[in-house]
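Novice: Okay, here's the structure, questions in a sec.
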Amino acid sequence: MASTGSMSGPWSRLPVIAPVIGLVVLVAVWGRDLPVLAAGGAALALGGAVLAAVHHAEVIAHKVGEPFGSLTLAVAVTVIEVGLVVTLMSSGGDGAASLARDTVFAAVMITCNGILGLSLLTAARRHGLAVFNAEGSGAALATVATLTTLTLVLPTFTTSVPGPEFNDVQLAFAAIASAVIYGAFVVTQTVQHRDFFLPVDVHDDADSHAEPPSGRAAMSSLALLLLSLVVVVGLAKVESPFIENAVEGAGLPHAVVGVVIALLVLLPESLAAYRAASRNRTQVSVNLALGSAMASIGLTIPAIAVASIWLGGPLLLGLGPTQLVLFALTMLVGVLTVVPGRATRLQGIVHLAILAAFLFLAASP
């Protein structure tokens, strides 16, 4: 991963300054109706916080090594994503019952097709082939498939409650199962079979030979990473009324709101995965993509299950027919991609095409 010197010159202070500026902007605009100019300023602050989050995640990853680095970013982003989803659901309004489903499924499609596809295409274009560890990537994909099926597919077919939702007992089972499966994967990734998730055959990565940052620098980056992610998700919430109004004004389905939220929240992982792939560290990109999908489900669904006790109202989790087809296609193509342990540009393009189909059909179902 990148060393602490990945930014130089006039940009060297950006990772420190951007989160602080973003926090000031967030405090200034929180809970207020913003004019267009102020909303634009908040969007710029959001972009700066995203870039800062990527930098600090890379510093931490360089200190602790893989797969802890990618796990840190995936879990940190998802924990705050949970807070954002719960906050938006608690405000009620149209689409609140399905917001968790729309956001989590969008996160799965963006990570398993967008981040993964972009990473494979980038690595293959620059280095001929994208090489990664099939054992670790296959285990991660199997975990994503199981978690998504248990939490988003089964509610469509259960009959205890009318509509695509679980009853209380089924929701509790899905939440506990998700937490257990995700916990088991983290133990496998970081303890029992850590070597399955380490970069494979890296020759061009100059950063891997750089001195790791000091403990003090790593702790500072951890604090600034958490601050950056709070700012990212907080400003995403501030921008959400503009997103909802734009979606409504364009006559688009409310599910598009969940897609846009997922796109904003996953920006740090997307940029970090692209940078890793460009350095021929495809396994890091795969860890980020599939790890983010797992964290999004394994942490969000249990949290939503607990929050539903106080939120009240229905909780629609089941996917519709179009979403089910796209999920099945994603898993089929994903298996064919990860089993060989290497990929060409074609696999990256295919995954990106599936993401494009998802985005198009979300806007025009």
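The values are calculated or read from the model by the stated rules, or taken from the named source; none is laboratory data. These numbers were taken from a predicted model, which means no experiment stands behind them. Don't worry about glycine lacking a Cβ; one is built from the backbone with ideal geometry, like all the others, and counts go over all protein chains shown.
Okay, residues lined up against (1) within 20 Å of the chain's Cα centre (by Cα); (2) within 29 Å of Q170 (Cα to Cα); (3) modelled with pLDDT of 90 or more:
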residue: G291; (1), (2), (3): yes, yes, no
residue: S308; (1), (2), (3): no, yes, no
residue: T330; (1), (2), (3): yes, yes, yes
residue: A343; (1), (2), (3): no, no, yes
residue: Q347; (1), (2), (3): no, no, yes
residue: A356; (1), (2), (3): yes, no, yes
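A quick yes/no check of all residues on (1) touching a Leu at 6+ places or on another chain (Cβ under 6 Å); (2) under 19 Å from V86 (Cα atoms); (3) of a type outside the set (V, I, T); (4) crowded, with 20+ Cβ neighbours inside 10 Å:
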| residue | (1), (2), (3), (4) |
| --- | --- |
| S220 | no, no, yes, no |
| A223 | no, no, yes, no |
| V233 | yes, yes, no, yes |
| E248 | no, no, yes, no |
| A255 | no, yes, yes, yes |
| L266 | no, yes, yes, yes |
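Novice: Can you name the condition, by its number, that G92 falls short on among (1) at pLDDT below 70; (2) under 14 Å from the mean Cα position of the chain (by Cα)?
Specialist: In the conditions (1) at pLDDT below 70; (2) under 14 Å from the mean Cα position of the chain (by Cα), G92 misses (2) alone.
Novice: May I pose another question? Can you name every residue in segment 34-53 that is farther than 19 Å from E269 by Cβ and either touching a Ser or Thr at 6+ places or on another chain (Cβ under 6 Å) or without any contact (Cβ under 8 Å) to a residue 40 or more places away in the chain (or both)?
Specialist: Scanning segment 34-53 gives P35, V36, L37, A38, G40, G41, L44.
Novice: Still on this structure, I have one more. Considering only segment 177-187, I want to know if a residue exists there that is among the polar types (S, T, N, Q), crowded, with 20+ Cβ neighbours inside 10 Å and outside any helix (DSSP H, G or I).
Specialist: First, pick out the residues of segment 177-187 that are among the polar types (S, T, N, Q): 178.
Cutting the leftovers down to crowded, with 20+ Cβ neighbours inside 10 Å gives us 178.
Of the ones still in play, those that are also outside any helix (DSSP H, G or I) are none.
No, that holds for no residue.
Novice: Now, a different point. Could you go through segment 196-216 and let me know if any residue there is surrounded by fewer than 22 Cβ atoms within 10 Å (Cβ to Cβ), modelled with pLDDT of 85 or more and either more than 25 Å from S98 (Cα to Cα) or touching a strand residue (DSSP E or B) at 6+ places or on another chain (Cβ under 9 Å) (or both). Give the derivation first.
Specialist: Initial filter on segment 196-216 (surrounded by fewer than 22 Cβ atoms within 10 Å (Cβ to Cβ)): 196, 198, 200-216.
Those still in the list that are modelled with pLDDT of 85 or more too: 196.
Pick out the ones that are also either more than 25 Å from S98 (Cα to Cα) or touching a strand residue (DSSP E or B) at 6+ places or on another chain (Cβ under 9 Å) (or both) and you get 196.
Yes, segment 196-216 has at least one match.
Novice: List the pairs whose first member sits in segment 156-176 and is assigned to a helix (DSSP H, G or I), whose second member is of a type in the set (S, T, Y), and whose Cβ atoms are under 8 Å apart, counting only residues at least 6 apart or on separate chains?
Specialist: Close Cβ pairs satisfying both conditions: Q170/T158; Q170/S160; L171/S308; A174/T151.
Novice: Can you find, within segment 324-351, the residue that is surrounded by the most Cβ atoms within 10 Å (Cβ to Cβ) among those that are outside any helix (DSSP H, G or I) and on the phi < 0 side of the Ramachandran plot?
Specialist: Taking segment 324-351 as the starting set, the residues that turn out to be outside any helix (DSSP H, G or I) are 339-344.
So of that shortlist, the ones also on the phi < 0 side of the Ramachandran plot come out as 339-340, 342-344.
Values: V339: 11, P340: 13, R342: 19, A343: 26, T344: 16.
If we take residues in segment 324-351 being outside any helix (DSSP H, G or I) and on the phi < 0 side of the Ramachandran plot, then A343 is surrounded by the most Cβ atoms within 10 Å (Cβ to Cβ).
Novice: Here's something else I'd like to know. Across segment 217-236, what is the total count of residues that are of a type in the set (G, A, S), modelled with pLDDT of 85 or more and farther than 30 Å from L34 by Cα?
Specialist: 2
Novice: For segment 323-362, enumerate the residues that are of a type in the set (S, T, N, Q) and over 23 Å from T143 (Cβ atoms).
Specialist: Residues of segment 323-362 of a type in the set (S, T, N, Q): 323, 330, 337, 344, 347.
Answer for segment 323-362, where residues must be of a type in the set (S, T, N, Q) and over 23 Å from T143 (Cβ atoms): just T344.
Novice: Looking at segment 205-319, what helices (runs of 4 or more DSSP H) fall wholly within it and have at least 2 residues that are farther than 17 Å from V54 by Cα and touching a residue at least 60 places away in the same chain (Cβ under 8 Å)? Step through it out loud before you land on a result.
Specialist: Numbers: elements: 215-249, 255-265, 267-278, 282-311.
Output list reads 215-249, 255-265, 282-311.
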